[in-house]
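Heads up: the structure comes next, in structure tokens.
What follows is calculated from the coordinates using simple rules that are stated; it is not laboratory data. Because the structure is predicted, anything quoted here is derived from the model rather than measured. Counting neighbours? That spans all protein chains shown, and the Cβs are built from the backbone with ideal geometry, glycine included.
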Amino acid sequence: LAKTTQPISMDSYEGQEVNITCSHNNIATNDYITWYQQFPSQGPRFIIQGYKTKVTNEVASLFIPADRKSSTLSLPRVSLSDTAVYYCLVGGVNRDDKIIFGKGTRLHILP
Amino acid sequence: DAGVIQSPRHEVTEMGQEVTLRCKPISGHDYLFWYRQTMMRGLELLIYFNNNVPIDDSGMPEDRFSAKMPNASFSTLKIQPSEPRDSAVYFCASFGLANTGELFFGEGSRLTVL
């Protein structure tokens with residue numbers, strides 16, 4: 001399993017764009033990068049997944065450089081409700097892989 | 001679909017008592033995961049099943065913990081006897097049908113052992 005490293009915490013202000021970077025130097029060829037969001041008292045929720053280049057959905061964008069050793073989750077124009085813990089996971093979509101969560105990044109949005 | 005359903009949402013018990021947590025995965029999902037979350041240790045994978053068969057239980061902390069999945073729509077996590085250090089939020093999650101890597105979580109069962 002590829003190990004991931006992401007900042008423990010981040011602060012930002014409402015209306016700003018927030019970028020959270022995750023390092024995964026040992027990513028394997030068939031590994032995908034998946035991000036989850038967890039609000040207090042709730043289970044994690046899938047945000048976005050990608051393999052290379054850029055992926056965008058209604059919630060976020062995911063930027064993956066050519067070497068795939070890192071990835072950046074971009075949240076446009078955050079609001080107070082985006083305060084949550086964000087987890088970066090790396091692994092194959094082969095469902096026999098363990099799905100292991102790290103410590104995540106605690107994002108705090110200030111008014 | 002109602003999503004992953006867990007019960008009870010909250011349980012307070014005394015040390016030494018048996019605790020049973022229940023999970024109903026999303027219909028059609030063939031993988032089910034049990035996680036435990038605490039402030040100190042974060043989100044830990046305890047065990048996961050594929051087609052009702054346990055695949056990896058290396059995260060189960062000790063013999064006091066056991067998990068079963070008697071059919072595709074039901075799983076239990078049992079702690080016997082419970083100890084105060086078992087206090088945590090226990091999450092159940094199931095895997096989506098499409099190969100998208102999306103794991104669906106229940107709302108969790110908050111366990112307090114006094």
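Using a 10 Å cut-off around each Cβ of peptide B:46-59, what is the average number of partner chain Cβ atoms that fall inside? Don't jump to the answer; show the numbers that get you there.
On the way: counts 0, 0, 5, 0, 2, 0, 0, 0, 0, 3, 3, 0, 1, 2.
Neighbouring Cβ atoms belonging to other protein chains average 1 per residue here.
Under the rule of at least 5 residues apart or a separate chain, name every residue whose amide H is placed under 5 Å from the amide H of B:ASP30.
Excluding prolines and chain starts, which carry no amide H, the hits are B:PHE95.
Quick one: compute the contact order of chain B, relative version, from alpha carbon pairs under 8 angstrom and 6+ residues apart, as a percent.
Numbers: 286 pairs, mean separation 41.6, N = 114.
Relative contact order comes out at 37 percent.
Only Cα pairs within less than 10 Å get springs; with that Gaussian network setup on chain A, which residue of A:ILE20, A:ILE33, A:ILE99 has the largest fluctuation?
A:ILE99
Net charge near A:VAL55, counting Lys/Arg +1 and Asp/Glu -1 over other residues with Cβ under 15 Å of its Cβ?
Around A:VAL55, the charge tally is 0.
For peptide B:23-29, how many partner chain Cβ atoms fall within 10 Å of a residue's Cβ, on average? Please list the in-between numbers first.
Values: counts 0, 0, 0, 0, 0, 0, 1.
The shielding value for this peptide is 0.
Considering the dipole of the protein assembly as shown built from charges on the beta carbon (Lys and Arg +1, Asp and Glu -1) around the Cα centre, which of B:CYS92, A:SER12, B:THR112 is farthest to its positive end?
A:SER12
Which of A:LEU75, A:LEU80 comes first, and how do the rest follow, when ranked by fewest Cβ neighbours within 10 Å?
Neighbour counts put them in this order, fewest first: A:LEU80, A:LEU75.
When N counts the residues of chain B, how does its alpha-carbon radius of gyration compare numerically with 2.2 N^0.38 Å, as a ratio?
Scaled against compact globular proteins, the figure is 1.01.
Net charge near B:SER82, counting Lys/Arg +1 and Asp/Glu -1 over other residues with Cβ under 14 Å of its Cβ?
On the way: positive: B:ARG36, B:ARG64, B:LYS78, B:ARG85, B:ARG110; negative: B:GLU11, B:GLU14, B:GLU18, B:GLU62, B:ASP63, B:GLU83, B:ASP86.
Residues close to B:SER82 contribute a combined charge of -2.
Given a cut-off of 29 Å, name the pairs among A:LYS52/B:LYS68; A:LYS69/B:LYS68; A:LYS69/B:LYS24; A:LYS103/B:LYS24 whose C-alpha atoms lie farther apart than that in the structure shown. Walk me through the numbers before you get to the answer.
Values: A:LYS52/B:LYS68 38 Å; A:LYS69/B:LYS68 38 Å; A:LYS69/B:LYS24 37 Å; A:LYS103/B:LYS24 27 Å.
Table pairs above 29 Å Cα-Cα are A:LYS52/B:LYS68; A:LYS69/B:LYS68; A:LYS69/B:LYS24.
Using Cα positions and a limit of under 14 Å, work out the aspartates and glutamates in reach of B:LYS78, with same-chain residues fewer than 8 apart set aside.
Correct list for B:LYS78: B:GLU11, B:GLU18, B:ASP57, B:GLU62, B:ASP63, B:ASP86.
Is there a quick way to get the dipole size of region B:28-114? I mean about its Cα centre, with the Cβ of Lys and Arg at +1 and of Asp and Glu at -1; what is the value in debye to the nearest 20?
220 debye
How many percent of the alpha carbon pairs in chain A exceed a separation of 18 Å? Let's see the in-between values first.
Working: 2773 of 6105 pairs.
Taking all Cα-Cα pairs of chain A, the fraction more than 18 Å apart is 45 percent.
Which percent of Cα pairs goes in each bin when the distances of the protein assembly as shown are cut into 10 angstrom slices starting at zero?
Spelled out bin by bin, the protein assembly as shown gives 8, 32, 34, 20, 5, 0 percent.
At 4 °C and 1.567 mPa s, grab the translational diffusion coefficient of region A:1-66 from Stokes-Einstein with a Kirkwood Rh over Cα pairs, rounded to a whole number in µm² per second.
Estimated diffusion coefficient is 96 µm²/s.
Tell me the net charge near A:GLY15. Cut-off is 12 Å between Cβ atoms, A:GLY15 excluded, with +1 for each Lys or Arg and -1 for each Asp or Glu.
Charge balance near A:GLY15 sits at -2.
Placing +1 on the Cβ of each Lys and Arg and -1 on the Cβ of each Asp and Glu in the protein assembly as shown, which of A:CYS22, B:TYR48, B:HIS29 has its Cα farthest towards the positive end of the resulting dipole?
Working it through, the farthest residue towards the positive pole turns out to be A:CYS22.
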